[in-house]
Amino acid sequence: MGQRPLETTESELLVCIKCRGVAAHGDEDPRRPGRQLYDQLVEQDLPEGTRLRAVECLQNCDYGNTVALRGPGRWTYVYGNLDAGQHADVLLEGLALYHGTEDGLIPWRQRPEHFKRNCVARVPPVLFTEPRLDPENDS
């Protein structure tokens, strides 16, 4: 059974379920910490117009549990160093803020503190306006 296509107004929270970051539920839990985070988020109410998806790997293995926020016409953000026991609410807050933007760019002062300090990457949308390059002022 396949995943339905992303609606043009939706935003997604992608959670790496293979991450081996810090375990939230102790060593006795056989699930990987990334899966623990995903499972905790599944139990939460997502902001309207958003959805949660599990992914195999986001290639940020050295920096704990990793997620990505993305949506059509929006910048994609990748965040690391997440913990299921501490950051599920932070992710839902960030997802709501992200979804509330047209372009995915949450103003710096409005971002959850964890987002400010743990952004791994910011990727432009497929269609974006390139910056005007000034060869004389490259500073």
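The values are calculated or read from the model by the stated rules, or taken from the named source; none is laboratory data. Bear in mind the structure is a predicted one, so any value in this text is a computation, not a measurement. Heads up: the accessible areas ignore ligands, DNA and RNA and are worked out on the full protein's heavy atoms, side chains in. Shrake-Rupley method; radii C 1.70, N 1.55, O 1.52, S 1.80 Å.
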* Treating the angle as unsigned and between 0 and 90°, give the value, to the nearest 10°, between the Cα long axis of helix 84-99 and the longest Cα principal axis of the chain. => 30
* Asked: For the chain, with every protein chain kept in place, what is the accessible area per residue (1.4 Å probe, Å²)?
  -> 64
* What number in nm² do you get for the chain if you take the convex hull of its Cα atoms and divide its surface by four? -> 10.3
* Structure fact -> GNM of the chain, Cα pairs under 10 angstrom: of Leu95, Leu52, Leu82, the biggest fluctuation goes to Leu52
* Do you know the relative contact order of the chain, to the nearest whole percent, from alpha carbon pairs under 8 angstrom that are 6+ apart? -> 26
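Any chance you could run the full-extension gain for Arg132 through Thr101? It's 0.36 nm times the residue separation minus the Cα-Cα distance, nm to one decimal. Please report the intermediate quantities before stating the final value.
On the way: separation 31, 0.36 × 31 = 11.16 nm, distance 2.35 nm.
So the chain would gain 8.8 nm between Arg132 and Thr101.
Using a 1.4 Å probe on the protein chains only, how many percent of the accessible area of the stretch 77-139 belongs to carbon and sulfur? Don't skip to the end; give the middle numbers.
Details: 2100 of 4380 Å².
Answer for the stretch 77-139: carbon and sulfur cover 48 percent of the accessible area.
Provide the gained length on full extension for the span Arg117 to Arg20, in nm with one decimal, where the gain is 0.36 nm per separating residue minus the Cα-Cα distance.
Values: separation 97, 0.36 × 97 = 34.92 nm, distance 2.00 nm.
Result for the pair: 32.9 nm of gain on full extension.
On alpha carbon coordinates alone, what is the Rg over Rh value for the stretch 66-139, Rh being the Kirkwood radius?
Working: Rg = 14.2 Å, Rh = 13.5 Å.
In the stretch 66-139, Rg relative to Rh is 1.05.
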* To do: Working from Cα positions, state the angle (0 to 90°, nearest 10) between the long axis of helix 33-42 and the longest principal axis of the chain.
  => 80
